[in-house]
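> I have a structure I would like to understand better, so I am pasting it below and will then ask my questions one at a time.
The values are calculated or read from the model by the stated rules, or taken from the named source; none is laboratory data. Keep in mind that what you see is a predicted model, and the values were worked out from it rather than measured. As a convention, Cβ positions derive from the backbone with ideal geometry for all residues, glycine included, and neighbour counts pool all protein chains shown.
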Amino acid sequence: MIVAYFLVATGASASFPFVTLFLVQVIDAPPLSASLFFLSALPGPLLTVATGRLSDTIGERLTLARIAMFWVSCGWIAMALANSLSLALAISVIFLNLIGTIGAQLVVIYRITLDESGAGSVGSSTGMFRSAYSAGYVVGPIIGAAVASIGGLRIALGAAGVLFGLAALVVGGQRLPSLRHPYSDMNSSPKRQWIAPWVVSVLAFSVLTSIVMAGDGMKLTLLPLYVVTDLHLPIAALGSLFTASALIELAAMPLVGWVTDKVGLKAAAAAGFMVGTLDYGLLSISDRLWQLYLVQIIHTLVLGVLFTTGPLIVQRLAARSAIGYATSIYLSGQSVALPLGSAGAAFALVILGLPHAFIVPAAACAFSAITLSRLRIPLVSPAEQPH
């Protein structure tokens, strides 16, 4: 499962950072139109929640993940052949919106595996699992930049499709029949599950993390344009920025997991959001490559909270039979962040320009940190509550 997670991360990081460049340089789309591309990810959250609930009901998480990987693989190969912005948008809507489903199912499968093995330090173990994703983000930008430099951006996007296809093949070789029980045992009615009190807490926390994650969507949209167009740096420099961040993530994810085990879920999350304020604040005044490296390093702590501490919080809040549903709500919130960040990028680009546009996510992170510190979220799962 860790190998599949690594391949998915490699495919994502070898493609997404180069999409806006592909649209502008290959398809000749205007930069403002290209910055709105990730609005095509709007259907993604609905699909992630729907497939998460489906996985809790039928229990076939591995099959669901494998189908989603093959579908996304076809999408990236089709994207590499696109010759217009409208076609690229259509491909993104139809094929790429299942990426959230892949992430949610792999996270849930790993959490169930941890529970069945009786692992004690769940935060640290989850951090180690997330490190496999970080390792993929180390390799992916290098592959993407190298392939784009040698064969062009079309070949780079096609290579991402191959990586997702390989991940599907790896998952297809897994045999985990125990995943159907007890997590697929929906003892309560569907109507009660949709409006259960824990859902409100999960939604509240997911909204705050979506606001923070929207900054990452803005950076994914605007940083490539800023580095290549404004600073006139080569594509290889852009790839090295993402690789540097992912290298630090290899250590940052286990560290964040360890800190979470020590200080608690809510405190770790609030601190991570405040680090985001520092991260984007520095980015808004950076005009040197070394400054961008520093920003990317700091950003790993924010990602550590979003991808290590965040899923643990929603899984603690959720009913035991609905952790797939809860995790999907959380990750769908992060999927909302991509189009939200894309829209924010277009607005900030027009009003503030680059790099000052990143003041917007800095303020958003501060808002989420303050709100979370004041929000009363019961971090005791329904199964642990006294009856």
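> Polar (S, T, N, Q), in a helix (DSSP H, G or I), surrounded by 24 or more Cβ atoms within 10 Å (Cβ to Cβ) and modelled with pLDDT under 85: does that describe Thr309?
It is true that Thr309 is polar (S, T, N, Q), in a helix (DSSP H, G or I), surrounded by 24 or more Cβ atoms within 10 Å (Cβ to Cβ) and modelled with pLDDT under 85.
> What about Leu47, is it in a helix (DSSP H, G or I) and at pLDDT below 85?
no
> If you check Ile94 against the conditions, is it crowded, with 24+ Cβ neighbours inside 10 Å and part of a helix (DSSP H, G or I)?
In short, no.
> If you don't mind, there's one more thing I want to ask. Output the residue which, of all residues in the range 319-360 that are touching a residue at least 12 places away in the same chain (Cβ under 8 Å) and of a type in the set (Val, Ile, Thr), is farthest from Gln105 (Cα to Cα).
That would be Val350.
> Return yes or no: is Leu21 within 19 Å of Lys219 (Cα to Cα), surrounded by fewer than 24 Cβ atoms within 10 Å (Cβ to Cβ) and not polar (S, T, N, Q)?
So Leu21 passes the test.
> So in the range 7-17, with the set limited to residues that are modelled with pLDDT of 90 or more and assigned to a helix (DSSP H, G or I), which one is nearest to Ala343 (Cα to Cα)?
Ala12
> What are the pairs, 6+ residues apart or on separate chains, where a residue within the range 272-285 that is aromatic (Phe, Trp, Tyr) has its Cβ under 6 Å from a residue that is surrounded by fewer than 24 Cβ atoms within 10 Å (Cβ to Cβ)?
Going by the 6 Å Cβ cut-off, the qualifying pairs are Phe273/Ala369; Tyr280/Ala362.
> Here's a follow-up. For residues that are closer than 26 Å to Leu64 by Cβ and touching a Phe, Trp or Tyr at 6+ places or on another chain (Cβ under 6 Å), scanning just the range 324-343, find the one that is surrounded by the most Cβ atoms within 10 Å (Cβ to Cβ).
Leu338
> Shifting gears a bit: If I ask for residues that are surrounded by 22 or more Cβ atoms within 10 Å (Cβ to Cβ) and more than 21 Å from Ala9 (Cα to Cα), which ones from the range 48-87 would you list?
Ser55, Asp56
> Is it true that Asp28 is over 23 Å from Gly11 (Cβ atoms), surrounded by 20 or more Cβ atoms within 10 Å (Cβ to Cβ) and more than 19 Å from the chain's Cα centre (by Cα)?
Considered against the rule, which asks whether it is over 23 Å from Gly11 (Cβ atoms), surrounded by 20 or more Cβ atoms within 10 Å (Cβ to Cβ) and more than 19 Å from the chain's Cα centre (by Cα), Asp28 comes out as no.
> Right, here's the next one. Quick one: Ala267 ticks every box in (1) surrounded by 21 or more Cβ atoms within 10 Å (Cβ to Cβ); (2) modelled with pLDDT of 85 or more except a single one, so which number is it?
Tallying (1) surrounded by 21 or more Cβ atoms within 10 Å (Cβ to Cβ); (2) modelled with pLDDT of 85 or more, Ala267 fails exactly one: (1).
Residue by residue, here is whether (1) surrounded by 13 or more Cβ atoms within 10 Å (Cβ to Cβ); (2) modelled with pLDDT under 75 holds:
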site: Ala167; (1), (2): yes, no
site: Arg175; (1), (2): no, yes
site: His181; (1), (2): no, yes
site: Ser184; (1), (2): yes, yes
site: Trp198; (1), (2): yes, no
site: Phe205; (1), (2): yes, no
site: Ile211; (1), (2): yes, no
site: Gly217; (1), (2): yes, no
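Rundown of residues vs (1) in contact with a Ser or Thr (Cβ under 8 Å, 6 or more places away or on another chain); (2) over 16 Å from Arg111 (Cα atoms); (3) of a type in the set (A, V, I, L, M, F, W, C), yes/no style:
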| position | (1), (2), (3) |
| --- | --- |
| Gly239 | no, yes, no |
| Ala244 | no, yes, yes |
| Pro254 | yes, no, no |
| Gly257 | yes, no, no |
| Val263 | no, yes, yes |
| Phe273 | yes, yes, yes |
| Thr300 | yes, yes, no |
| Leu312 | yes, no, yes |
